[in-house]
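Heads up, the thing below is written out as structure tokens.
The values are calculated or read from the model by the stated rules, or taken from the named source; none is laboratory data. Computed from a predicted structure; not experimentally measured. Neighbour counts are summed over all protein chains in view; Cβ atoms, including those assigned to glycine, are modelled from backbone coordinates with ideal geometry.
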């Protein structure tokens, strides 16, 4: 969910500021932020890289909660007391007891490994995901400019829900992606959950195809048959990716990625997810005994992996083939996204993490990101998961503990954390909540199974 930096005002930034200006009752303070937003919108001049534009960034909400069945409200900063503790239900909600019972019944469906009654971090992550479910998929957040479905986020939520035992909801996400996909086209950057159309003219993003394949394979591993039911999604995605690998370099077409800004060069933020998706399709085709899918995906994945090593490897897998600093996309080249790390990528993990570290304890989207002191929770969580899956247990635990400590007073995961440690921007954020659920599933898989009685 990263925004444009440097000189130009991105569409995402404008929408974000517009949402802030139009939601004063929810946001509350932050006059300096609003003044900066007005200036940016009026002049078209976004603060230069290195400026401390976000140091006064407010928290937009503590969480989102149910006022009645089907009606959700943002809970303003400082108003966590209006919630029933440990829930996403307002104390004054209509039929509050029924809403709480439905929430508890949903949690009771979770896989046994979750132990949600004794793991409040996981419980809150799942509650964040549940309250952001909308029209068969997940919106990124409930604040106005985030109330859309990003394929990237939806894919992660599908994987998290499947891992936690909610295979029905997980498959609905796959069905949603298949329904909005157009023959021969990339996914839109985001979709209005009601109209299922793009809400603006921002460019389509190639990485969504990779994420759709990855999510399909991961859900199918938990709920066998998902791949067969989503065969159209798999074949369409694979064919479009095949058509968008450069015949000479083997790299994917230039596309915006999770930084949400126009690009003139191929990024690791696109190449990584495409590789993740191709390897997932390879496993899927093998497991489902669909030889043509497995063979096509393996051929494309081998070619792309070689290209990534050849073009990104010499500079230790920075954002661009010729540099640009490390970014969180390095995690896409490592487990758990891939079964086996791309050769050389694991060796760049520690320096990449150090280069993105922020004073507040989390990570920026990249080493080249503006120096505003802001930590981003999705990037921090991605690296925590990579640390878990590559044997860096202590480092992973530090990051997970950091995510735990920097939740809102209502228990939700914010998008950002300021240098002083206070949560900021959108809360809850579906991508972060999904990554936390995935982290817990990785931890569970790493634990030895209980021994039976002799």
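Within the range 376-394, identify whether any single residue is outside any helix (DSSP H, G or I), in contact with a strand residue (DSSP E or B) (Cβ under 7 Å, 6 or more places away or on another chain) and in contact (Cβ under 8 Å) with a residue 40 or more places away in the chain, and answer yes or no.
Yes; the residues of the range 376-394 include at least one that is outside any helix (DSSP H, G or I), in contact with a strand residue (DSSP E or B) (Cβ under 7 Å, 6 or more places away or on another chain) and in contact (Cβ under 8 Å) with a residue 40 or more places away in the chain.
Restricting attention to the range 376-425, which residues are farther than 30 Å from residue 81 by Cα and buried (at least 21 other Cβ atoms within 10 Å of the Cβ)?
382, 383, 384, 385, 386, 387, 388, 389, 396
Name the helices (runs of 4 or more DSSP H) wholly inside the range 199-282 in which the number of residues that are within 19 Å of the chain's Cα centre (by Cα) and crowded, with 21+ Cβ neighbours inside 10 Å is 1 or more.
Correct list: 207-222.
Go through the range 113-128 residue by residue and tally those that are touching a residue at least 24 places away in the same chain (Cβ under 8 Å) and either over 22 Å from the mean Cα position of the chain (by Cα) or in a helix (DSSP H, G or I) (or both).
Final tally of qualifying residues: 11.
Are there any pairs with C-beta distances below 8 angstrom linking a residue in the range 59-77 that is free of Cβ contacts under 8 Å to residues at least 40 places away in the same chain to a residue that is part of a loop (DSSP other than H, G, I, E, B), with the two at least 6 apart or on different chains, and if so which?
Close Cβ pairs satisfying both conditions: 67/92; 67/93; 67/94; 68/93; 68/94; 68/95; 69/94; 69/95.
Condition check: under 16 Å from residue 119 (Cβ atoms) and touching a strand residue (DSSP E or B) at 6+ places or on another chain (Cβ under 8 Å). Does residue 362 satisfy that?
No.
Only one residue in 399, 412 is farther than 20 Å from residue 138 by Cα and in contact (Cβ under 8 Å) with a residue 24 or more places away in the chain. Which one?
One residue alone meets the criteria, 399.
Any chance the range 325-348 includes a residue that's under 23 Å from the mean Cα position of the chain (by Cα), free of Cβ contacts under 8 Å to residues at least 40 places away in the same chain, in a loop (DSSP other than H, G, I, E, B) and more than 17 Å from residue 380 (Cα to Cα)?
Yes; the residues of the range 325-348 include at least one that is under 23 Å from the mean Cα position of the chain (by Cα), free of Cβ contacts under 8 Å to residues at least 40 places away in the same chain, in a loop (DSSP other than H, G, I, E, B) and more than 17 Å from residue 380 (Cα to Cα).
Just give me the residues in the range 156-186 being outside any helix (DSSP H, G or I) and touching a strand residue (DSSP E or B) at 6+ places or on another chain (Cβ under 6 Å), in sequence order.
none
Given the criterion modelled with pLDDT of 95 or more and surrounded by fewer than 19 Cβ atoms within 10 Å (Cβ to Cβ), identify the matching residue among 112, 104.
104
Which of the residues that make up the range 129-155 are part of a loop (DSSP other than H, G, I, E, B) and at pLDDT 95 or above?
132, 139, 140, 141, 142, 143, 147, 148, 150
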